[in-house]
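*Asks:* I'd like to ask you about the structure that follows.
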Amino acid sequence: MTTLALEQHRPLDAIVLGRAGVDLYAREANMGMADISGFNKFVGGSAANIAVAISRLGAKTGFIGCVAEDTFGDYVCRYLSGQGINLDGMMKDASGSRTSVAFTEMKPSDCNVLIYRNKASDLTLKPEQVDPDYIASAKMLVVTGTALSESPSREATLIAMEHARRSNTAVVLDVDYRPYSWRTDVDASIYYGIAAGLSDVLIGNREEFDMMETVLAPGNKDDDATATRFLRGHTQVVVIKAGELGSKVYCRDGHRFRQGIFPVEVKKPFGSGDSFAGALIWTLANGGELEDGVRFGSAAAAINVSGDSCTEAMPTREQLFAFIETRKQDR
């Protein structure tokens, strides 16, 4: 299988569900948190990053999530709207929750990130706030896994995936595992397992699949065995990322392939996975081949980690193609 069968005549290419917040990036590079003099403000959060990545490439993108009813929430919504993202699924919470804020160093490795998620607004999304008609208006629903970590967001996420299945909207699960959001890996593996069974495409790194196999295959490091385990139910594609080693892609019909990376000078390690997912989803939403989508994803990831932020470093289609033409891929 090289393409994904999608309902092509829909107003939105993809709707992304999950967290949107504020990222504060260190102004100085290669400096520890205690010595940084100030920060630059951007919109961030895995789901927001992916939505921006898809939209920047020219796809029609929607969003399902929740921010606080305050100035940070207004800032996030204004930025996403300015990126051409439809916010019909965005909620604002006035119960006292807060939009997430992340403080980051700017280092190529050993980079500290401090995330403030006490009573996080994105986790207050409720099942009754998820509109099945909105989901049915998109070719694809993209779910970021942190939304599964706490109720009522967990139930809202799972019902959104069920709505997608009923409306023939393809489902992509980007694992996006944040250990601090979960009580134990066992808890996480249970809910991720349920979500994986509702997904057409599953994207994660080796450590994330280790978590997902905590109960069924503890200690397994064999990517082939992992792919076989998850290519059941609705799942048609499993993408296992391995950082500098590239990625492995497995399809339900037995087709498999590897994808290398595009070497660049790395400024920070985060944002690459979201950029990868965005380019892959953009390709599939436009009827492109899976191999091209993974190659575009690898290039977009390289562009992002060489930039000074996550959302603002997402490439346009022109930037992506120009980068691929001028850079030699490392296989």
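*Asks:* Suppose we keep just the DSSP beta bridges with both residues in the range 47-122; what percent of those would be antiparallel, to 5? Each step should come with its number before you reach the end.
*Replies:* Details: 4 of 11 bridges.
Antiparallel: roughly 35 percent of the beta bridges in the range 47-122.
*Asks:* Any idea what the relative contact order of the range 7-72 is, in percent, if you count C-alpha pairs under 8 Å spaced at least 6 apart? Walk me through the numbers before you get to the answer.
*Replies:* Working: 95 pairs, mean separation 29.1, N = 66.
Across the range 7-72, relative contact order equals 44 percent.
*Asks:* State, in angstrom, two size descriptors of the chain derived from its alpha carbons: Rg to one decimal place and Dmax to the nearest whole number.
*Replies:* In Å, with Rg to one decimal and Dmax whole: 18.3, 53.
*Asks:* How about the range 284-331: which GluC sites (Glu not before Pro) there are in a DSSP loop, with at most 14 other Cβ atoms within 10 Å of their Cβ?
*Replies:* Details: sites: 289, 291, 312, 318, 325; in loops: 289, 312.
Taking the range 284-331 and a limit of 14 other Cβ atoms within 10 Å, the loop GluC sites (Glu not before Pro) found are 289.
*Asks:* Also, I was wondering about something else. Once R0 is set to 56 Å, what does the formula 1/(1 + (r/R0)^6) return for the Cβ-Cβ distance between residue 9 and residue 37, expressed as a FRET efficiency to the nearest 0.05? Don't skip to the end; give the middle numbers.
*Replies:* On the way: r = 52 Å, r/R0 = 0.93.
Computed FRET efficiency for residue 9 and residue 37: 0.60.
*Asks:* So, in Å, what gap is there between the alpha-carbon centers of the range 259-304 and the range 216-249?
*Replies:* 18
*Asks:* Ok, one more. Ignoring everything but the protein chains, give the 1.4 Å probe accessible area of residue 163 in square angstrom, nearest 10.
*Replies:* 30
The values are calculated or read from the model by the stated rules, or taken from the named source; none is laboratory data. Here the structure is a predicted model, which is why all the values come from computation and not from measurement. Don't worry about glycine lacking a Cβ; one is built from the backbone with ideal geometry, like all the others, and counts go over all protein chains shown. Heads up: the accessible areas ignore ligands, DNA and RNA and are worked out on the full protein's heavy atoms, side chains in. Shrake-Rupley method; radii C 1.70, N 1.55, O 1.52, S 1.80 Å.
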